[in-house]
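Have a look at the structure below before the remarks.
The values are calculated or read from the model by the stated rules, or taken from the named source; none is laboratory data. The structure displayed is predicted, hence computed values, not measured ones. Glycine also receives a Cβ, built like all others from the backbone with ideal geometry; neighbour counts cover every protein chain displayed.
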Protein chains: 2
Amino acid sequence: MSVFQIGIAGLGVVGAETARQITTSYDMLSRRAGKKLKIIAVSARDEGKERGFSRDNIAFYKDPLKLLEHDDIDVIIELIGGEGGIALDLCQRALEAGKHVITANKAMIAHHGFSLSELAEENNVTIQFEAAVAGGIPAIKILREGLAGNQIDTVSGILNGTCNYILSKMTSAKNTFEEVLEEAQKKGFAEADPSVDIDGVDAAHKLAILSAIAFKQQIKFSSLSVSGIRHVSDIDINFAGKLGFCLKLLGIAKRDCSAEITMALIPSKEQLASVNGALNAVSYRGVPVESSICIGPGAGAGPTSSAVLADLIDVASGLANFAYGCPVKALSVQKLDEHNLPKQCFYLRIAVTDKPGVLSEISAILRDYKLSVASMIQNGQSDNGPVFLVLTTHKCTKKTIEAAVSKISLSEHVLDSPMLIPIYDSGSFG
Amino acid sequence: MSVFQIGIAGLGVVGAETARQITTSYDMLSRRAGKKLKIIAVSARDEGKERGFSRDNIAFYKDPLKLLEHDDIDVIIELIGGEGGIALDLCQRALEAGKHVITANKAMIAHHGFSLSELAEENNVTIQFEAAVAGGIPAIKILREGLAGNQIDTVSGILNGTCNYILSKMTSAKNTFEEVLEEAQKKGFAEADPSVDIDGVDAAHKLAILSAIAFKQQIKFSSLSVSGIRHVSDIDINFAGKLGFCLKLLGIAKRDCSAEITMALIPSKEQLASVNGALNAVSYRGVPVESSICIGPGAGAGPTSSAVLADLIDVASGLANFAYGCPVKALSVQKLDEHNLPKQCFYLRIAVTDKPGVLSEISAILRDYKLSVASMIQNGQSDNGPVFLVLTTHKCTKKTIEAAVSKISLSEHVLDSPMLIPIYDSGSFG
């Protein structure tokens, strides 16, 4: 059996677990790869730290670029992270030097995935990034290979475990966003600076990658419509529950329409609605497969290293495909156009003064925009604080409902910006 | 682009849909395979039938073996079905002639998969059978490649759409087994002779295949413990609901323990419990991935042909792996041993006469076997028909509960064979 030599850059939780698996499950992994998988060099900031694997015969560097001085390294596993900087520099140089690259770096791939893949093709090597999307779910392989015979129309899912944890906990414990975020930070489910998660950016990185593979288009990260859960209110979660929905942060990419990270209401009986806690889910809809959904842990040392190891076995055994399922030059330009979006239902919550005539005024606006109401709740009188008028619409265009909401906002009876949330069911997200 | 020539044996719903996809999505599929995918010959019983694809330049045979007379065929897609007979004969000869084989034939693979794969290896070709398990879910690829870095401990799931449809409908509509089976037959969800489905054999074929890949062992089909839903009663479905469970036909294979098709009670809040209708689900538990579950349509022309096309693209592009993830000779012998099974909880329903002392007698037997009761329901008096004593146990061995049930059966107060059903939660089935 020939030897396949590995350099690992970054020994955080995922890097250390990956190294631990490669060394402790050496026999099993080598048998599956058909080659002896041997780590010959690693890089990390802190050399002294105990990381659960033996560093015997493994060179150590503080500077990840030093890994490239090992001419005999076959693959660089990049687990440093960050959109650009040293991670990008390392990957580019590794590919130029004819070394394969495996990475879990979603920010880098969402922004530079096409150019890196092209560089790999030019140098007859491959770059693989299964671990960049939904760790424990082989989401990229399922889409690129398992569903390769399909025209995929929609790829969607719950792509950020932190947001899903927060929304699930707000729903079950009836706590506020701030309370749950603080608790999640204490438990390690949320970062000290949670912006990348709660503003939807992390989920958007993953959706951009999945969209490109699903639609075989060079999806630009900047073309995604991204919003997060920073402004979520327990008020909407409670109303959603009363109406038979639950609130999730969804990623939804529709062929030739849009790729969007948005809060959405999902009927409680749908499969996605039961995906709670820090779990991720990825749902595919296409022809001829109809639809398929996978649920699993999206982050953490174990699930993420599982994805890194799968890439490693594919690369070592020579069975790694083009990362996007075809050469980058064969990907078409991006064709997202929101005008192609199908009509859908919406949830609308309006804070109003408790005066006669308010309902009539709002109803009239909805009528003028030909918007038809599917259900409505108005909560009782309130001494302090506003009264809420909550309704769901029948299917309409996003443009129409947004125009109506603008008009409603101008009313003197409306106390705050109305909250508008799209409703998705399995028919719309696949 | 070079040409990859295809022969299809069998033009039933899956064969016809596969041919239709290959001809109508020719550009897309060929681009993804990197080769021109061209059907040059087909075989079926009835030549005249309209099947939704153009037969121009495609040779037709009634005898599938005639396909082999085309020396230039690269792959035989076998969609005839049946454990042995002409399907097996065709696949063996095709492999011997150095042609790749793709098949959806779960019975054949469950019984002859190892010898066929060995034959493929000897002839430097490959046999692939993604479509044999859970059509719309790339269940084999996920396990063999997506989770290749794991030691898989449990693979389980809902592997027969007909049974799941019947149990779901009995639960939601509160109908009897006979009523729902008749309706399923009318709707085409069940065969005129439903034995292979309702006796668990079809699910067992799939579980045998998944177990071999998961555990890298030569699992013998005859070693599976197989029972179906033929004796399911709406009485148990109703009691299960009252106790917070739902009843499913599960396939569960545990490394070094057992591979079993059995009715089981699942807590209603579990993901698998919400997999209803004709859907399939496959759940994986391993180290380091933790767990992952995929849900999708298990049968039907579209989902099954999606799996066939995925295999075709892999085979044509030269990226097809060993079917079991390693050469057959590298698979170990089967190591299933029920003595290794962990303890678990059980549901027990006993039909008893409505007399004083019955409960005391049964309680005493349970105590003698050191079985501890987790919950109990006894329904009220009944003028005609028995009274039911229904209980769930805390964790115990299967052997212990079975011995206790044998003892209970001997009581003069017990009117019928007690119904014993295992309880599985996500901790036990992964």
Among the candidates B:405, B:352, which residue alone is β-branched (Val, Ile, Thr), within 19 Å of residue B:233 (Cβ to Cβ) and modelled with pLDDT under 95? B:352
Please tell me if residue A:282 is part of a strand (DSSP E or B), more than 7 Å from chain B (Cβ to nearest Cβ), in contact with a helix residue (DSSP H, G or I) (Cβ under 6 Å, 6 or more places away or on another chain) and of a type outside the set (Gly, Ala, Ser). yes
Name the residue, out of B:85, B:48, that is without any contact (Cβ under 8 Å) to a residue 24 or more places away in the chain and under 30 Å from the mean Cα position of the chain (by Cα). B:85
Residues located in the stretch B:333-377, provided they are surrounded by 15 or more Cβ atoms within 10 Å (Cβ to Cβ) and of a type in the set (S, T, N, Q): B:334, B:344, B:363
It is to be established whether one or more residues within the stretch B:287-309 are closer than 19 Å to residue B:157 by Cβ, touching a Phe, Trp or Tyr at 6+ places or on another chain (Cβ under 6 Å) and buried (at least 24 other Cβ atoms within 10 Å of the Cβ). yes
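For the structure I just gave you, tell me whether residue A:239 is farther than 28 Å from residue A:322 by Cβ and out of contact with any helix residue (DSSP H, G or I) (no Cβ under 6 Å at 6 or more places or on another chain). If you could, list the steps in order and put the result at the bottom.
Details: farther than 28 Å from residue A:322 by Cβ: yes; out of contact with any helix residue (DSSP H, G or I) (no Cβ under 6 Å at 6 or more places or on another chain): yes.
So residue A:239 passes the test.
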In this structure, does residue A:276 turn out to be of a type outside the set (A, V, I, L, M), surrounded by fewer than 22 Cβ atoms within 10 Å (Cβ to Cβ) and either in a strand (DSSP E or B) or at the interface with another protein chain (Cβ under 8 Å from one of its Cβ atoms) (or both)? no
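Any chance the stretch A:71-79 includes a residue that's at pLDDT 95 or above, within 12 Å of residue A:9 (Cβ to Cβ), among the aliphatic types (A, V, I, L, M) and not in a strand (DSSP E or B)? Talk me through it step by step, then tell me what you get.
Just the residues of the stretch A:71-79 that are at pLDDT 95 or above, to begin with: A:71-79.
After this cut, where a residue has to be within 12 Å of residue A:9 (Cβ to Cβ) as well, the list is A:73, A:75-79.
From what is left, the residues that are among the aliphatic types (A, V, I, L, M) are A:73, A:75-77, A:79.
Pick out the ones that are also not in a strand (DSSP E or B) and you get A:73, A:79.
Yes.
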Among (1) part of a helix (DSSP H, G or I); (2) within 14 Å of chain A (Cβ to nearest Cβ); (3) touching a Lys or Arg at 6+ places or on another chain (Cβ under 8 Å); (4) hydrophobic (A, V, I, L, M, F, W, C) - the single one residue B:266 does not satisfy: (1)
Criterion violated by residue A:135 - all others in (1) at pLDDT 95 or above; (2) at the interface with chain B (Cβ under 9 Å from one of its Cβ atoms); (3) in contact with a Pro (Cβ under 8 Å, 6 or more places away or on another chain) satisfied: (1)
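On the basis of being aliphatic (A, V, I, L, M), touching a Phe, Trp or Tyr at 6+ places or on another chain (Cβ under 6 Å) and closer than 28 Å to residue A:338 by Cβ, does residue A:155 make the cut?
Details: aliphatic (A, V, I, L, M): yes; touching a Phe, Trp or Tyr at 6+ places or on another chain (Cβ under 6 Å): yes; closer than 28 Å to residue A:338 by Cβ: yes.
Criteria met by residue A:155.
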Within the stretch B:318-334, tally of residues that are part of a loop (DSSP other than H, G, I, E, B) and in contact with a Phe, Trp or Tyr (Cβ under 9 Å, 6 or more places away or on another chain): 4
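Looking at the stretch B:143-157, which of its residues are polar (S, T, N, Q), within 12 Å of chain A (Cβ to nearest Cβ) and surrounded by fewer than 24 Cβ atoms within 10 Å (Cβ to Cβ)? First the steps, then the outcome.
Start the filter on the stretch B:143-157 by keeping residues that are polar (S, T, N, Q), which leaves B:150-151, B:154, B:156.
Filter once more, keeping what is within 12 Å of chain A (Cβ to nearest Cβ): B:150-151.
Selection gives B:151 alone.
If only one of A:143, A:159 is touching an Asp or Glu at 6+ places or on another chain (Cβ under 9 Å), touching a residue at least 60 places away in the same chain (Cβ under 8 Å) and not charged (D, E, K, R), which one is it?
Working: A:143 fails: touching an Asp or Glu at 6+ places or on another chain (Cβ under 9 Å).
Exactly one residue qualifies, and that residue is A:159.
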Enumeration of residues in the stretch A:211-239 that are in a helix (DSSP H, G or I) and closer than 21 Å to residue A:266 by Cα: A:234, A:235, A:236, A:237, A:238, A:239
When (1) over 24 Å from residue A:238 (Cα atoms); (2) more than 14 Å from chain B (Cβ to nearest Cβ); (3) of a type in the set (A, V, I, L, M, F, W, C); (4) free of Cβ contacts under 8 Å to residues at least 60 places away in the same chain are applied to residue A:389, the one that fails is (1)
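If you scan the stretch A:240-263, which residues turn out to be over 20 Å from residue A:174 (Cβ atoms), among the basic types (Lys, Arg) and not in a strand (DSSP E or B)? If you could, list the steps in order and put the result at the bottom.
The initial filter retains those residues of the stretch A:240-263 that are over 20 Å from residue A:174 (Cβ atoms), namely A:250-262.
Checking the rest, the ones that are also among the basic types (Lys, Arg) come to A:254-255.
A:255 - this is the single residue of the stretch A:240-263 that is over 20 Å from residue A:174 (Cβ atoms), among the basic types (Lys, Arg) and not in a strand (DSSP E or B).
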Among the residues of the stretch A:334-345, which ones are within 22 Å of the chain's Cα centre (by Cα) and of a type outside the set (Lys, Arg)? A:334, A:336, A:337, A:338, A:341
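If I ask for residues that are within 14 Å of chain B (Cβ to nearest Cβ) and among the small types (Gly, Ala, Ser), which ones from the stretch A:315-371 would you list? Even if it seems obvious, please write down each step before you answer.
At the first step, the residues of the stretch A:315-371 found to be within 14 Å of chain B (Cβ to nearest Cβ) are A:315-332.
Of everything in the stretch A:315-371, those that are within 14 Å of chain B (Cβ to nearest Cβ) and among the small types (Gly, Ala, Ser) turn out to be A:316, A:317, A:318, A:320, A:323, A:325, A:330, A:332.
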Output yes when any residue across the stretch A:292-310 is without any contact (Cβ under 8 Å) to a residue 40 or more places away in the chain and more than 8 Å from every other protein chain (Cβ to nearest Cβ), and no when none is. no
All positions within the stretch A:67-82 that are out of contact with any strand residue (DSSP E or B) (no Cβ under 8 Å at 6 or more places or on another chain) and crowded, with 17+ Cβ neighbours inside 10 Å: A:81
Contact list, first residue from the stretch A:271-285 and in the same structural domain as residue A:214 (by TED's automatic domain parsing), second anywhere and polar (S, T, N, Q), beta-carbon distance below 6 Å, six or more apart or interchain, is A:274/B:274; A:276/A:168; A:277/A:168; A:283/A:156; A:284/A:292; A:285/A:154; A:285/A:291
Which count do you get for residues in the stretch A:101-142 that are of a type in the set (Ser, Thr, Tyr) and buried (at least 24 other Cβ atoms within 10 Å of the Cβ)? 2
Filter the stretch B:3-31 down to residues that are assigned to a helix (DSSP H, G or I) and of a type in the set (Val, Ile, Thr) and give me whichever is farthest from residue A:327 (Cα to Cα). B:13
